[in-house]
Amino acid sequence: MLDGVAVYDADAHVVTSQRAWADLPEPLGPRRPRPVVIDDAAGLGGYRISWYCDGRVTPHAFGAGSQPANTPRGSLDAELFPVITEMDPRVTRMGFEGQDLSRPDLRLQVMDVMGIDVSVVYPSTIYATFTTDPELEAALYRAYNRYVGQACRADPRRLKWGGLLPLRHPEQALAAIDEMKQLGARAAVVFGTAGDQLLSERTFDPVYEALARAGLPLSVHFGASYAPLWDLSRTMYAGNIIGMTTPVVLAFYAVTAGGLLDRHPTLKVAFLEFGSEWILYLVPRMENYLRQAAANGLPYATDIPRQWIVDYLRSGRIFVACEAGDRLLPQEFELLGEDQILFGSDIPHSECRENGVAEILDRNDLAATQKRKILWDNPVRFYGEP
């Protein structure tokens, strides 16, 4: 709680460590991500160690598929790698065991300092790029879910979690939903695409049906899930903008115009860590072409959404996480409504919003009721009461 306002953090993170796949089933164990060290690291800005998985090293500073992501720093053997086990300066001031939740008490201490009462933790975005093999991806996802589910039992009221949903392997996705529900997950997380497929592909319908039956909402998170964009992402800055942000367009299209909400009328969907100002561009853009399609008829009007995009947006089923400093937040309230905008701290990532709660409370362009909704009421609507 900060200044008398309860805070429900809708998007925090678990930093990647080897502990998260300790129970990876055989015969996939030998294919687990492994830490590798670059001897000549000059000019790499501290990215001296990375994960090696399925023939790729990630993160890497330059070249196709470059993106910022959690390195193995902190999870290596101190005797073998004494130079590189110090805390990564790109993350918040939290001991590594609090970052990867192997010591949940350390995470709770930071939450106390920030005034956060409840926090929903999600995996690192690196899970979007570890592998393109559906079987290995599903195994890594489910191993992570078991790990984080167990960690959050340390304080199940304050520590909530979203489990990875391996859409590219629908059979494993169904098993993952059952497992998530048993372990206490509050949401299932996907990235902007399921590999090279839109989230609205009908082959995923049984998975979404199972998700709705389980009462779990769907969280679409920032991440470089669409491999064709990797070749355009040759620096970390490009990776942030092209590889990791552009998929929000593909995901929002899938959820609305792609028919996902039409076919699954009880499913709630949140868009996390993309900011929220993008809706002010994308919604009128999509509505403009929807009007053209309706006016021109076939074939232009083939497979168009059943409703106007703004109607989906205001249905109470789409939630968007804002940035504390979004200058257009009042206009976003006007477009989206007041009951569907969330706040995420992003701790302990490098761009974490350590003062985000205070920034929202200090804004003079938001009413007190709007601030309370962002910080508590709306996350309760999406995730449920703590």
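Rule-based calculations on the coordinates, nothing more; no lab input. Please read all numbers here as calculations on a predicted model, not as lab measurements. Ideal geometry is used to build each Cβ from the backbone, glycine not excepted, and the neighbour counts take in all protein chains shown.
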Checklist line | Calculated FRET efficiency for the pair residue 302/residue 209, C-beta based, R₀ 35 Å, to 0.05 | finding: 0.90
Checklist line | For segment 242-365: Kirkwood Rh in Å [reciprocal of mean 1/r, alpha carbons] | finding: 15.7
Checklist line | Loop-resident sites, segment 254-333, for trypsin sites (Lys or Arg not before Pro), counting at most 11 other Cβ within 10 Å (DSSP) | finding: 306, 327
Next item on the list: Would you mind checking which residues have amide H under 5 Å from residue 9's amide H? H placed 1.01 Å from N; only 5 or more apart, or other chain.
Entry: 117, 118, 119, 120
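Which trypsin sites (Lys or Arg not before Pro) does segment 119-217 hold that lie in a coil by DSSP with at most 14 other beta carbons within 10 Å?
153, 157
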Notebook entry, point to check: What's the extension gain from residue 328 to residue 197 if we count 0.36 nm per residue and subtract their Cα-Cα distance?
Noted result: 44.0 nm
Notebook entry, point to check: With charges only on Cβ, +1 for K and R and -1 for D and E, what is the dipole size of the chain about its Cα centre, in debye, rounded to 20?
Noted result: 460
Check: Between residue 262 and residue 377, what is the FRET efficiency for a Förster distance of 25 Å, r being their Cβ-Cβ separation, to the nearest 0.05?
Finding: 0.40
Notebook entry, point to check: Tell me which lysines have Cα within less than 16 Å of residue 160's Cα, excluding those fewer than 8 residues away on the same chain?
Noted result: 181
Check: Between 137, 359, 277, which gets the highest mean-square fluctuation from a Gaussian network model of the chain, Cα cutoff 10 Å?
Finding: 359
Notebook entry, point to check: Taking the alpha carbon gyration tensor of segment 173-319, what are the square roots of 5 times its eigenvalues, largest first, to the nearest whole Å?
Noted result: 24, 22, 14
Notebook entry, point to check: Could you give me the ³J(HN,Hα) list for segment 239-246, computed from phi with Karplus coefficients 6.51, -1.76, 1.60 and θ = phi - 60°, whole Hz, x at Gly and Pro?
Noted result: x, 4, 7, 8, x, 9, 8, 4
Note to self: If each residue of separation counts as 0.36 nm, what is the full-extension length gain between residue 105 and residue 291 once their alpha-carbon separation is subtracted?
What the structure shows: 61.6 nm
